[in-house]
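Comments concern the structure below.
The values are calculated or read from the model by the stated rules, or taken from the named source; none is laboratory data. The shown structure was predicted, so the numbers you read here are calculated from the model rather than taken from an experiment. Note that each Cβ is placed from the backbone with ideal geometry, even for glycine, and that neighbours are counted across all protein chains shown.
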Amino acid sequence: MTSNPDPAKPNQPRQANKRGAARLAAVQALYQMDVAGSGILEITAEYEQFRLGKEVDGAQYREADAQWFRAILAGVVENQKTVDPVIRQSLTEDWPLSRLDSTLRAILRAGVYELMNRSDVPVAVIVSEYVDIANAFYSEDEPKLVNAVLDRVARRVRGEGRGRDPGT
């Protein structure tokens with residue numbers, strides 16, 4: 001698997017709306033928390049004060065929905081004991097959650113959190129946004145893995161997959 005392991009410098013992602021930018025920032029913050037052992041209050045303050053909508057090291061962060069960013073970050077942290085087992089159930093036995101790199105874990109945790117707790121957001125939107133984030137960091141099979149795992153989770157927790165109209 002070829003990857004760009006530094007989520008602070010993603011490949012060229014497509015333009016995101018404010019919620020999409022918040023999702024990307026949440027994944028980056030979750031990665032930073034995982035790798036550096038930073039706490040949620042410290043990371044939230046850092047992103048809101050210095051990153052969201054700001055220029056950092058020559059890269060312009062897109063304006064993000066700060067409330068959405070905080071909700072994802074806090075939701076993943078508060079619900080990790082529920083989210084991680086759901087991810088594990090959707091991975092193959094030869095790919096335990098601990099085997100995934102920190103960026104991929106952050107993407108899956110954020111996506112699964114939204115699928116489990118944001119029924120106001122359509123499955124297709126959540127899956128598509130997190131696959132786009134995976135495409136920003138990876139160039140091989142990881143985006144397919146994100147798509148497959150989130151689709152399995154959507155079927156399990158919402159009774160619907162990306163290819164199915166929830167109204168039918």
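Of all residues in the range 1-49 being in contact with a strand residue (DSSP E or B) (Cβ under 9 Å, 6 or more places away or on another chain) and not hydroxyl-bearing (Ser, Thr, Tyr), which is modelled with the lowest pLDDT? Restricting to residues being in contact with a strand residue (DSSP E or B) (Cβ under 9 Å, 6 or more places away or on another chain) and not hydroxyl-bearing (Ser, Thr, Tyr), the top hit is Met1.
Screening Gln89, Gln28, Gln49 for residues that are among the polar types (S, T, N, Q), exposed (fewer than 15 other Cβ atoms within 10 Å of the Cβ), touching a residue at least 40 places away in the same chain (Cβ under 8 Å) and at negative phi leaves exactly one candidate, Gln89. Against the list (1) out of contact with any Phe, Trp or Tyr (no Cβ under 7 Å at 6 or more places or on another chain); (2) at pLDDT 90 or above; (3) of a type outside the set (Gly, Ala, Ser), the condition Tyr61 fails is (2). Restricting the first member to the range 130-147 and to residues that are within 16 Å of Ile87 (Cβ to Cβ), and the second to residues that are among the small types (Gly, Ala, Ser) and modelled with pLDDT under 95, the beta-carbon pairs closer than 9 Å and six or more apart or on different chains are Ile133/Ala16; Ile133/Gly20; Glu142/Ser3. Against the numbered list (1) surrounded by fewer than 16 Cβ atoms within 10 Å (Cβ to Cβ); (2) assigned to a helix (DSSP H, G or I), Val121 comes up short only at (2).
Summed over the range 67-76, the residues that are surrounded by fewer than 17 Cβ atoms within 10 Å (Cβ to Cβ) and not small (Gly, Ala, Ser) give a count of 1.
Given the structure, is Asp94 more than 17 Å from Tyr130 (Cα to Cα), part of a loop (DSSP other than H, G, I, E, B) and of a type in the set (Asp, Glu)? Answer is yes for this residue.
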